[in-house]
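The values are calculated or read from the model by the stated rules, or taken from the named source; none is laboratory data. For clarity, every value in this text was computed on a predicted model and none was experimentally measured. Backbone-built Cβ (ideal geometry, glycine too); neighbour counts: all protein chains shown.
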Number of protein chains: 2
Amino acid sequence: MTAYDVIRTKRDTRAYAERPIPEETLRRILQAGRMAGSSKNTQPVRFVVLRDQARKQELAACGDFAAHLPAAPVVVAVVLMPDGGAFDAGRAAQNMMVAAWAEGITSCPTSMHRPECAAAALGLPPQHRVAIMLPFGYPADPDPRPPRPGRQRLPLEQYVHEDRWKVRDEVANG
Amino acid sequence: MTAYDVIRTKRDTRAYAERPIPEETLRRILQAGRMAGSSKNTQPVRFVVLRDQARKQELAACGDFAAHLPAAPVVVAVVLMPDGGAFDAGRAAQNMMVAAWAEGITSCPTSMHRPECAAAALGLPPQHRVAIMLPFGYPADPDPRPPRPGRQRLPLEQYVHEDRWKVRDEVANG
């Protein structure tokens, strides 16, 4: 697949096969996160790699929609250092998820709704926080979850404005 | 290049050739942004595509380090809708920059330090804000800016913790 096709076909999914992720593949995923640029090259993002089931379960309890975390063979906690911004965390996370998908590994950004719970489970220093949890695994086949009837992607024309914002009727987004 | 090599070799650069970006290439870049996932599929990101020199100059005046914007043949303003988060903007921006680099087009996220200035220049509705400006262009050859003597990337070992955060001596991070 070309990089564009990898990006274009990536979906956030929450069901994983048990098949482990090879260490070399995981290293490429982490390298992809490291190579994301950051504001003024402050490099404010760090990664905590979780494989232990008990630790994954502890973190699953820190989010409202995080019950799928223990099913992933590897979960990466994306940690923001003090003064780090969520935009840079998003860049690093997307790099990791795209690099993973290029090797057939799926993922789904998972929020920690109780950040102090996650910080305690990971033993983070003061002012460090979890930006997102990224479970990684080969897709479950077949996916045990039926497709959701939720919102589809808006068409590109609704994403893009030319030169200046134009007020337009837009499919409800909320 | 594989997707991993595209990700690995991408650098944020601020010097662009005058060569225009083909419309089909630009469309792939914008599609890459659209295809980034978002929190609960809220799709909170929009793109304003700027080609007009006067408009680019107007926006260059809204950031402290944005003087390079008019040199890029295309600048994309990544706009966050009300309640949209910077993490999702980072995902979309990274997708666009990686898709661009796969076609030899460089970019550099550029902050608007005076957000109300940027919102006015773009005519944004209330509560909408510019998350970042993304100038896109083929690299200037040779790059007129000498390499900066600034910070290098920390080694991967300093980015990664296993299982739980470990306090360690780390190269000062600014």
Answer yes if at least one residue in segment A:63-74 is in contact with a strand residue (DSSP E or B) (Cβ under 6 Å, 6 or more places away or on another chain) and within 10 Å of chain B (Cβ to nearest Cβ), and no otherwise. no
If you go through segment B:48-61 one residue at a time, how many are free of Cβ contacts under 8 Å to residues at least 40 places away in the same chain and either hydroxyl-bearing (Ser, Thr, Tyr) or not in a loop (DSSP other than H, G, I, E, B) (or both)? 7
Scope segment B:17-40; condition assigned to a helix (DSSP H, G or I), over 18 Å from the mean Cα position of the chain (by Cα) and loosely packed, with under 15 Cβ neighbours inside 10 Å; matching residues: B:23, B:24, B:40
Take the conditions in a loop (DSSP other than H, G, I, E, B), modelled with pLDDT under 95 and surrounded by fewer than 19 Cβ atoms within 10 Å (Cβ to Cβ) and apply them to residue A:64. Does it pass? no
Got at least one residue in segment B:97-104 being of a type in the set (Gly, Ala, Ser), buried (at least 19 other Cβ atoms within 10 Å of the Cβ) and farther than 20 Å from residue A:88 by Cβ? yes
Against the conditions (1) at the interface with chain B (Cβ under 10 Å from one of its Cβ atoms); (2) touching a residue at least 24 places away in the same chain (Cβ under 8 Å), where does residue A:123 fall short? Just the number, please. (2)
So the helices (runs of 4 or more DSSP H) completely within segment B:75-174 holding 2 or more residues that are at pLDDT below 95 are B:156-159
Considering segment A:83-95, residues that are more than 7 Å from chain B (Cβ to nearest Cβ) and in contact with a Lys or Arg (Cβ under 9 Å, 6 or more places away or on another chain), and then whichever is farthest from residue B:2 (Cα to Cα), we arrive at A:84
